[in-house]
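Everything on this sheet refers to the single structure shown next.
Just so it is clear, none of the values below were taken in a lab; they were calculated from the coordinates. Treat the numbers as computed from the prediction; the structure is a model and nothing was measured. Because the Cβ atoms are built from the backbone with ideal geometry, glycine has one as well, and the counts that use them run over all protein chains shown.
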Amino acid sequence: SSCFFRCYCQPTMVDSIDTGMVAAVPELKSEADTLAWKREYHIRRREAEWKKKQDELLTQKQTAWEVQRLEKQNRLAAAREQARRKRMEERVQKKHQQVDREYRDKCREVQIDQRMEAWEKSQNASIVSKVVEAKEDDDKRKARLQVAKEERNQDMRHECAERAERAKEEAEKNKKREEKIMQKEAERHQREQERVAKIKADEAALRAERVKAFNKKHVRCVLVSSTSSQPGCTNVTAEKQKELDARREACCAEKAKNRNAAVVEYVQKLKDERKEPFRGPTEKAILSGERSIFA
């Protein structure tokens, strides 16, 4: 604006040159001096006009630059104002959103408190009803258990009485069985003794007959007799025969005793097997826990 004022409000350079040239017109003595003066005058005038044009162009450029600068400042100011307004609107909007959010949060908390209170009331009522039902069920269960317990006790008493009766019957049967076994064993022993006596009698008679027949033949024996150190016929005296019979009876008695012991041992084994059904090593290992049933 200052340059514009200086350019358009002050007198131009051409006017000042014309004024100076007109004021300083020298004395022209000849036509050549007049032509030289005119030539100088036109040269200076053209230079002044050229400078005037340059000044005008510079003034126009400066004016355009100044207008552009002002427009830029106006645009920047408008952008700053728009940005300020936008920030202000954003702050106001955020404030409104925050106030709305706080209001909704308060409403939500109130509703949550109301629902929680209603839920607590319903849960308390449900718990009270469940406690009452559980107490009633517990009383009923105790009554049923008491009845079942009494029935079970009665059944167990009956079972114990039945087991005792069966055990008594089994004991009587075992006693009768043992008595029969002993009776049969005694009868067998008696039959064996009778058989042995019969065999002894038969052997004695047979031996006597053989000795008698042998004595009749008068055969000289070349073997040493069991009762004599001299070769000859067998000569058994009555004392020797009694001794042999006594030995034979002793041997038969020992054999019968051993046989009776074996029978008694067999009967005891049968009793043990009846009392202990699991008598094998595998069954005993399973019962003692040393071996698994799934192995």
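If R0 equals 35 Å, the separation of the Cβ atoms of GLU239 and ALA262 corresponds to a calculated FRET efficiency of about 0.50.
Among the listed pairs LYS175/LYS198; LYS72/LYS95; LYS180/LYS255; LYS198/LYS271; LYS173/LYS257; LYS149/LYS271, a Cα-Cα separation exceeding 30 Å is found for LYS175/LYS198; LYS72/LYS95; LYS198/LYS271; LYS149/LYS271. Distance between the modelled labels on ARG152 and GLU194, one decimal in nanometres: 6.2 nm (7 Å Cα→Cβ projection). Evaluating 6.51 cos²θ - 1.76 cosθ + 1.60 at θ = phi - 60° for every residue in segment 72-82, the Karplus couplings come out as 5, 4, 5, 5, 4, 5, 5, 5, 4, 5, 5 Hz, glycine and proline recorded as x. Annotation: extensible slack from THR34 through ALA201 equals 38.7 nm (criterion: 0.36 nm per residue apart, minus Cα-Cα distance).
Label-to-label distance, ARG141 versus ASP113, with points set 7 angstrom from Cα along the beta-carbon direction: 4.1 nm.
Taking 0.36 nm per residue of separation and subtracting the current Cα-Cα distance, fully stretching the chain between ILE181 and LYS61 would add 27.9 nm.
Summing charges over neighbours of LYS130, with a neighbour being any other residue whose Cβ is under 14 Å away from its Cβ, gives -3 when K and R count +1 and D and E count -1. Just grab the label-to-label distance for ALA164 and ALA77, each label 7 Å out from Cα along the Cβ direction, in nm (one decimal). In this crude spin-label approximation the distance works out to 12.5 nm.
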